[in-house]
Amino acid sequence: MAHIIEEAKSGRAGCRTCRKPIAKGELRFGEEVENQFADGGETTYRWHHLACAAGAKTDELRATLAAHEGAPPVPDAQRAELERLMAEADAKKPPPYPHADKAPSGRAKCQGCGETIAKGELRVAYERDIERGMTVMKGAGYLHPKCAAAHFEENGGTHAELTEALRTNTRDLSEQEMERLFSEV
Ligand SMILES: [Zn+2]
Ligand SMILES: [Zn+2]
């Protein structure tokens, strides 16, 4: 799918994020989607204000801005504002797995040793398959930092991969907490 940025050719298309019209001549983001009403192969665009796309279609807009370098030019001030909005949207998204955080409650059990993870304790969150009757869903599993490496190695990961991922994905832990984390993992 090739998304585009272009000047609105008319003022008729509404923004799919905020539902307000996009003014003629204003730069807009076109999200390429399959046309459900065509027999196949055909695509159509869903239009968004650039600022709306920064929040709602962050990854798509970022890739399109990178691929579009210059054509048509997004003015520097607007570009800077979009970068700010995209960074804001990134910060709101949950960090990718695995990452470390502090247990907000004392309810979760460690998937390694089976013991409860105390409230406020450092923990490693990872994505695991959860069986619900006949279906398998993706959900979060939690581990004590000291139980994490063994669990990852059992599942084909390496200690280095785990620490690398934790370093990249973890937000909201202080430097001291990060140090403690890596002394235990
Ligand atoms: Zn909008
Ligand atoms: Zn444990």
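Coordinate-derived values only; no laboratory data. This structure is a prediction, so every number in the text was calculated from the model and none was measured. Please note: Cβ atoms are built from the backbone with ideal geometry, for glycine as well, and neighbour counts cover all protein chains shown.
For segment 99-184, compute the orientation-averaged projected area of the C-alpha convex hull (one quarter of its surface), in nm². Could the numbers behind the result be given before it?
Details: hull surface 23.4 nm².
Over all viewing directions, segment 99-184 projects a mean Cα-hull area of 5.8 nm².
Once both axes come from the Cα atoms, what is the angle between helix 159-169 and the longest principal axis of the chain, in degrees from 0 to 90, rounded to 10?
50 degrees
Can you put PHE182, PHE37, PHE152, PHE29 in order of Cβ neighbours within 10 angstrom, beginning with the fewest?
Listing PHE182, PHE37, PHE152, PHE29 from fewest to most nearby Cβ atoms yields PHE37, PHE182, PHE152, PHE29.
Between ALA66, ALA149, ALA56, where does the largest GNM mean-square fluctuation fall for the chain, given springs only between Cα atoms within less than 10 Å?
ALA66
Which one, ILE130, PHE182, GLY157, is farthest towards the positive end of the dipole of segment 99-184 when Lys and Arg carry +1 and Asp and Glu -1 on their Cβ?
ILE130
About its Cα centre, how strong a charge dipole does segment 116-185 have in debye, to the nearest 20, once Lys and Arg get +1 and Asp and Glu get -1 at the Cβ? Walk me through the numbers on the way to the answer.
Working: 9 positive and 13 negative charges, 55 e Å.
Its charge dipole is roughly 260 debye.
Determine the sum of side-chain charges near GLU115: Lys and Arg each +1, Asp and Glu each -1, restricted to other residues whose C-beta is under 15 angstrom from that of GLU115.
On the way: positive: ARG107, LYS109, LYS119, ARG123, LYS146; negative: GLU121, GLU184.
Computed value for this residue: +3.
Quick one: of LYS57/LYS119; LYS20/LYS138; LYS20/LYS93; LYS57/LYS109, which pairs are farther than 27 Å apart, Cα to Cα? Walk me through the intermediate numbers first.
Working: LYS57/LYS119 35 Å; LYS20/LYS138 36 Å; LYS20/LYS93 25 Å; LYS57/LYS109 35 Å.
Violating the 27 Å limit, Cα to Cα: LYS57/LYS119; LYS20/LYS138; LYS57/LYS109.
If you add up the charges near GLN176, with Lys and Arg at +1 and Asp and Glu at -1, over every other residue whose beta carbon is less than 14 angstrom from its beta carbon, what do you get?
-3
Rounding to the nearest 20 debye, state how big the charge dipole of the chain is about its Cα centre with +1 on each Lys and Arg Cβ and -1 on each Asp and Glu Cβ. List each step's numbers first, then the result.
Details: 26 positive and 31 negative charges, 178 e Å.
About 860 debye.
For segment 25-141, rounded, prolate or oblate, judged on the Cα gyration tensor with a ≥ b ≥ c (square roots of eigenvalues), a/c < 1.5 rounded, else prolate if a/b > b/c?
On the way: a/c = 4.07, a/b = 1.79, b/c = 2.27.
It comes out oblate by the Cα gyration axes.
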